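Since the structure comes first, as structure tokens, the remarks are kept for the end.
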Amino acid sequence: MTKIGIILGSTRPGRNGEAVARWVYDIASQRTDAEFELIDLLDYKLPHLDEALPPSLGQYAEPHTHQWAAKIASLDGFVFVTPEYNHSTSGVLKNAIDFLYAEWNNKAAGFVSYGSLGGARAVEHLRLIAAELQMADVRSQVSLSLFHDFENFSVFKPGDFQVEALNTTLDQVLAWSRALAPLRAA
């Protein structure tokens, strides 16, 4: 069974991302074509990148890196739930991504973002990062507006059309995750 990680890319107190990630997980969990797991970066105490060697060498020294690497290696694809901070993704998500290399390779990446402009600029940066990590980013994405999909900028109330956008994103992540399986096996 294909395994997809839904990575909650914010650890900020009072974060909007928790409600968004749970919404993604709740909808994804209704599907029978894959296993989905919610991965909260709060559960992985990753300091600022503290590995002496580049991640591309795969020679991790720190226990927290080994734990993180094992989790990411166990998955076939990802849906990144990201806020937009200062026209980019969150620092904590970028840091978590930067800890690893091979564990990301040949896996699919989809994006659910939120912000004043739907988090579009955060996703554009994540697409560039994914390319460097040899990930296949899917075209479809979910862009949630703080003005239209949140009440008072903090209570998550997505429009009904967002469910269709999410299912399209999940379909694409699953298709690419399966298509890339022979490359991961090699």
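If you take the residues in segment 55-91 that are within 16 Å of residue 134 (Cα to Cα) and assigned to a loop (DSSP other than H, G, I, E, B), which one is modelled with the lowest pLDDT?
The selected residue is 58.
Does any residue of segment 28-41 turn out to be in a helix (DSSP H, G or I), more than 14 Å from the chain's Cα centre (by Cα) and surrounded by fewer than 21 Cβ atoms within 10 Å (Cβ to Cβ)?
The answer is yes; a qualifying residue exists.
From the set of residues in segment 70-89 that are crowded, with 23+ Cβ neighbours inside 10 Å and either in contact with an Asp or Glu (Cβ under 6 Å, 6 or more places away or on another chain) or of a type in the set (S, T, N, Q) (or both), which is farthest from residue 25 (Cα to Cα)?
89
Quick check on segment 3-15. Is at least one of its residues of a type in the set (Val, Ile, Thr), surrounded by fewer than 18 Cβ atoms within 10 Å (Cβ to Cβ) and either touching a Ser or Thr at 6+ places or on another chain (Cβ under 7 Å) or more than 22 Å from residue 132 (Cβ to Cβ) (or both)?
No, that holds for no residue.
The values are calculated or read from the model by the stated rules, or taken from the named source; none is laboratory data. All values reported here derive from a predicted model rather than from experimental measurement. Using ideal geometry, Cβ is built from the backbone for each residue, glycine included, and neighbour counts are taken over all protein chains shown.
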